[in-house]
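Everything below concerns the one structure shown next.
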Amino acid sequence: MNLATAEQMRRLDRRAIEELGIPSLTLMEQAARAVVRAAAGSAGDGPRRAAVFCGTGNNGGDGVAAARLLREAGFEVRAFLVGDRARITPDCRSMADRLEAAGGILEDFCPGDSGQKAWVEECGVAVDALFGIGLTRPVTGNFADAIALMNEIPAPVVSADIPSGVETDTGRVLGTAVRADITVTFTCPKIGHFVGAGSLCSGRLAVADIGIPEELWKELRFDIRVVAPGDVSLPHRRRDAH
């Protein structure tokens, strides 16, 4: 199993979109479907209620799409936007429009709102789609508050691509990070899933095919390789021991 860097994955996405003509929204939709499969399975017999925490970038767009798909799967869903709404990427905004057209809403996350907090605490599953692979700065403000809430709740947490707060290329925790029960990563696992404190945050790692042709990602020059079949169980502290 080859481990990719953030820049390799960005380059791979660009090539899939620009050279092969795969729409970026199609890749996002496929990523969201993989997250939803994991989230629905994680909820088990618990409440059919999902809290989805979305950033303003394309990882947040994965989360917004997942919120819509979870609604379609019969979940009661609240999607929370963490960050400045004016900075939402075009793809994330498109997914927010699709969510609204389906009867949902992307609401602002308010750390001081006791009603929001109580609702999240009663969820059967939460989805972390705050940052993805691009984070390089310490987590602060409302983002840190959202991470703290996800780490406090008893429900399983599913992270999209990499737990928010983990630096992709080093596994460092940038101030604070989501302690996921499952991480659904796209196309290739990342270095941060296996090294440093990031290996303690990823939980069970599932690698999802989102439609990038194998011949394209096989052209990448990988510098790190590990041997591991299928889903990978990474070192992970039990949630009740956090």
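Say we look at the range 102-123 and pick out the residues that are under 25 Å from Glu152 (Cβ atoms) and of a type in the set (A, V, I, L, M, F, W, C); which of these is surrounded by the fewest Cβ atoms within 10 Å (Cβ to Cβ)?
Applying the filter and picking the extreme gives Ala118.
Please count how many residues of the range 161-198 are in contact with a Ser or Thr (Cβ under 8 Å, 6 or more places away or on another chain), part of a strand (DSSP E or B) and under 21 Å from Gly41 (Cβ atoms).
The number of residues fulfilling the criteria is 3.
Can you name the number of the only condition in (1) surrounded by fewer than 16 Cβ atoms within 10 Å (Cβ to Cβ); (2) modelled with pLDDT of 95 or more that Arg225 fails?
Failed condition: (2).
For the condition crowded, with 22+ Cβ neighbours inside 10 Å and either of a type outside the set (Phe, Trp, Tyr) or modelled with pLDDT of 95 or more (or both), what is the one hit in Ala126, Ala148, Ala144?
Being crowded, with 22+ Cβ neighbours inside 10 Å and either of a type outside the set (Phe, Trp, Tyr) or modelled with pLDDT of 95 or more (or both) holds for just one of Ala126, Ala148, Ala144, which is Ala126.
What is the one condition in (1) in a loop (DSSP other than H, G, I, E, B); (2) of a type outside the set (Lys, Arg); (3) open to solvent by less than 70 Å² (accessible area, probe 1.4 Å) that Thr136 does not satisfy?
(3)
Scan the range 20-36 for residues that are touching a residue at least 60 places away in the same chain (Cβ under 8 Å) and out of contact with any helix residue (DSSP H, G or I) (no Cβ under 8 Å at 6 or more places or on another chain) and jot them down.
Matches in the range 20-36: Thr26, Gln30, Ala34.
Residues checked against (1) of a type in the set (Gly, Ala, Ser); (2) in contact with a strand residue (DSSP E or B) (Cβ under 6 Å, 6 or more places away or on another chain):
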site	(1), (2)
Gly124	yes, yes
Phe131	no, no
Gly141	yes, no
Asp145	no, no
Met150	no, yes
Ala160	yes, yes
Thr168	no, yes
Gly171	yes, no
Ala180	yes, yes
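Quick one: in the range 151-176, of everything that is acidic (Asp, Glu) and over 20 Å from Leu27 (Cα atoms), which residue is least open to solvent (accessible area, probe 1.4 Å)?
Looking at residues that are acidic (Asp, Glu) and over 20 Å from Leu27 (Cα atoms), I get Glu167.
When residues of the range 85-101 are filtered for being farther than 12 Å from Gly60 by Cα and surrounded by fewer than 14 Cβ atoms within 10 Å (Cβ to Cβ), how many remain?
Final tally of qualifying residues: 4.
Looking at the structure I just gave you, is Ala66 modelled with pLDDT of 95 or more and within 18 Å of Ile133 (Cβ to Cβ)?
The answer is yes for Ala66.
The values are calculated or read from the model by the stated rules, or taken from the named source; none is laboratory data. Everything quoted here is computed from the prediction, not taken from an experiment. Neighbour counts are summed over all protein chains in view; Cβ atoms, including those assigned to glycine, are modelled from backbone coordinates with ideal geometry. Protein only, heavy atoms only, side chains kept; ligands, DNA and RNA dropped before computing areas. Shrake-Rupley method; radii C 1.70, N 1.55, O 1.52, S 1.80 Å.
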